[in-house]
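Read the figures in this text as sums done on the coordinates, not as results from a lab. Note that the coordinates shown come from a computational prediction; the quantities given were computed from them, not determined experimentally. Cβ placement follows ideal geometry from the backbone for every residue including glycine, while neighbour counts extend to all protein chains displayed.
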Ligand SMILES: Cc1cc2nc3c(=O)[nH]c(=O)nc-3n(C[C@H](O)[C@H](O)[C@H](O)COP(=O)(O)O)c2cc1C
């Protein structure tokens, strides 16, 4: 391949990638079309190409195939029946447990102590933070790869609710915590919904320092979102409210956000204190 052809190829591939990213939207209803082992394997390989901190792959993915477990997860994740109907369900774990095991079982901890080089240090919140980054970056690789393969996907943030029950359902160890969950499948025929709006680029990117967005900036940034909600008459106070009213009532003060906060406190405490 000569240089020009290679450049053209690179540009075309790049543009296709951008098009795929720009066309993606969350898919919550799936067709009966099965996902072949070959497609699943490509999806897994692409997921694994995600960068990870120090190349330690501080995450694991539990592929939930047991239908009863899917149904239980659907209930535990704020009762979202689509989870039980999804052909593929992946729970992304922040996972330091495998390294704690490896450090101990390989004798690395003992050797370092005997040589006076380091005392054992249990994973802390910094480790958890890094593990979370690895898990979530891998998840987004999976989302884009799925889109390229014609599969739809949807994040399930509610997997961080009901930690005690999720922990026992998935037999989690101390240093494994759900970071996020994804469901995948071929989109159902009927789905031709428009892309959801986004904020203008200028409202997201800041230069050199944090500049607090206040009322003017926020209402401008989310004007398109508010307009969309007003069109479908889904704003509070008989559609006369604002987007702030909508998210304050529907999300911020909701029972599921209360549960997410309770559950997250339990999981972080378990990670640190066992
Ligand atoms: C962290 C996170 C958690 C999410 N949790 C859920 C969820 O529990 N259920 C759901 O239906 N969609 C969930 N979504 C999907 C969002 O609602 C969706 O990405 C957003 O409305 C934008 O729509 P789009 O993805 O179609 O562009 C989640 C997305 C993210 C990034």
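When you restrict to C-alpha pairs under 8 Å that are six or more residues apart and normalise by the size of the stretch 28-143, the relative contact order lands at 38 percent. Per the Debye calculation on the stretch 1-113 with a single equal scatterer at every Cα and no solvent contribution, log₁₀ I(q)/I(0) for q = 0.11, 0.13, 0.19 Å⁻¹ amounts to -0.64, -0.82, -1.18. Measuring max minus min along each principal axis, the C-alpha atoms of the stretch 24-192 give extents of 65, 31, 24 Å (largest first). Averaging the sequence gap over all C-alpha pairs within less than 8 Å and six or more residues apart, then dividing by the number of residues, gives the chain a relative contact order of 25 percent. Packing order of peptides 234-241, 55-62, highest average first: 55-62, 234-241 (average count of other Cβ atoms within 10 Å over each peptide's residues).
Note: relative contact order over the stretch 144-196, using C-alpha pairs below 8 Å and six or more positions apart, is 47 percent.
Helical content alone sets the calculated 222 nm signal of the chain at -15500 deg cm²/dmol, taking -39,500 (n - 2.57) per DSSP H segment of four or more residues and averaging over every residue. In this simple spin-label model, placing a label point 7 Å from the Cα along the Cα-to-Cβ direction at both residue 25 and residue 253 gives a separation of 3.1 nm. Could you compute how fast the stretch 126-274 diffuses translationally, taking Rh as the Kirkwood radius over C-alpha pairs and applying Stokes-Einstein at 25 °C with viscosity 0.890 mPa s? Give it in µm² per second. The calculation lands on 132 µm²/s. Take 183-189, 264-270, 222-228 and order them by the average number of nearby Cβ atoms within 10 Å per residue, most first; the result is 183-189, 222-228, 264-270. A crude spin-label estimate for the pair residue 238 and residue 10, with each label 7 Å from Cα along the Cβ direction, gives 6.1 nm. For the listed peptides 27-38, 88-99, a ranking on the average number of other beta carbons within 10 Å per residue, highest first, reads 88-99, 27-38.
Spatially, the stretch 19-92 and the stretch 212-274 are offset by 25 Å when compared through their Cα centroids. Here the calculated FRET efficiency for residue 212 and residue 115, from their Cβ-Cβ distance with R0 = 51 Å, stands at 0.55, rounded to the nearest 0.05.
Taking the C-alpha atoms only, the angle from helix 37-48 to the longest principal axis of the chain is near 80 degrees.
GNM remark for the chain: springs join alpha carbons under 10 Å apart, and the peak mean-square fluctuation among 133, 16, 212 falls on 212.
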